Amino acid sequence: MSGLDAPEISAAYEAVRSDKDPTNWLLISYAAATGSRLALAQTGSGGIAALAAALDDSQVQYGYVRVEYANDAESTRVKFVLVVWIGERTRVMRKARVSVESGDVKRALPHHSIAVTAGDRAELDEGDVVARLRKAGGADYNGGRG
């Protein structure tokens, strides 16, 4: 799977999914040494904003982030988002592989509520992502108030 079966990716994925680990995002990109194998590039605990800040405009990258939001006054929801990043300066041939490659990434990071394909950091605004999660989640106990 072009590097996606690496144990460090699995460990980072489990850390993001864990309620006990502060890690809430991971980023997969092409390894600098080979340029053709995907590898774990970075992890962090700053949420979707920190993931967006770590993205490279000249690469295709894949992020996985834990998003927590208020369900109503008494509870919160935890959902997971797969981010397919296609930087604006990415080479054309690299962009061409995204459709096939993203299927492999989805199999390596299988549990997510939505997938967001983005080429601009503005598309990763947390409020907009939460709104999409609410729509995908079905019941809205917040009366449509975001």
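Values computed for the structure shown
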{"quantity": "All positions within the range 59-72 that are open to solvent by less than 50 Å² (accessible area, probe 1.4 Å), assigned to a strand (DSSP E or B) and farther than 30 Å from A39 by Cβ", "calculated": "Y69"}
{"quantity": "Residue check, V60 over 18 Å from R17 (Cα atoms) and under 14 Å from the mean Cα position of the chain (by Cα)", "calculated": "yes"}
{"quantity": "Which listed residue, of T76, T117, T90, is among the polar types (S, T, N, Q) and modelled with pLDDT of 95 or more", "calculated": "T117"}
{"quantity": "Residue within the range 90-108 that is touching a residue at least 24 places away in the same chain (Cβ under 8 Å), within 20 Å of A15 (Cβ to Cβ) and open to solvent by 50 Å² or more (accessible area, probe 1.4 Å) present", "calculated": "yes"}
{"quantity": "Leading residue by the ranking (least open to solvent (accessible area, probe 1.4 Å)) among those in the range 11-28 that are of a type outside the set (S, T, N, Q) and assigned to a loop (DSSP other than H, G, I, E, B)", "calculated": "D21"}
{"quantity": "Sole exception among (1) within 22 Å of I9 (Cβ to Cβ); (2) open to solvent by less than 60 Å² (accessible area, probe 1.4 Å) for S75, by number", "calculated": "(1)"}
{"quantity": "Residue identified as touching a Pro at 6+ places or on another chain (Cβ under 9 Å) and over 17 Å from R121 (Cα atoms) among A39, A15", "calculated": "A15"}
{"quantity": "Selection count, the range 29-48, where residues are outside any strand (DSSP E or B), among the hydrophobic types (A, V, I, L, M, F, W, C) and either modelled with pLDDT under 95 or exposed (fewer than 15 other Cβ atoms within 10 Å of the Cβ) (or both)", "calculated": "3"}
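The values are calculated or read from the model by the stated rules, or taken from the named source; none is laboratory data. These numbers come from a predicted model, not from an experiment. Don't worry about glycine lacking a Cβ; one is built from the backbone with ideal geometry, like all the others, and counts go over all protein chains shown. Heavy atoms of the whole protein, side chains included, go into the accessibility calculation; ligands, DNA and RNA do not. Shrake-Rupley method; radii C 1.70, N 1.55, O 1.52, S 1.80 Å.
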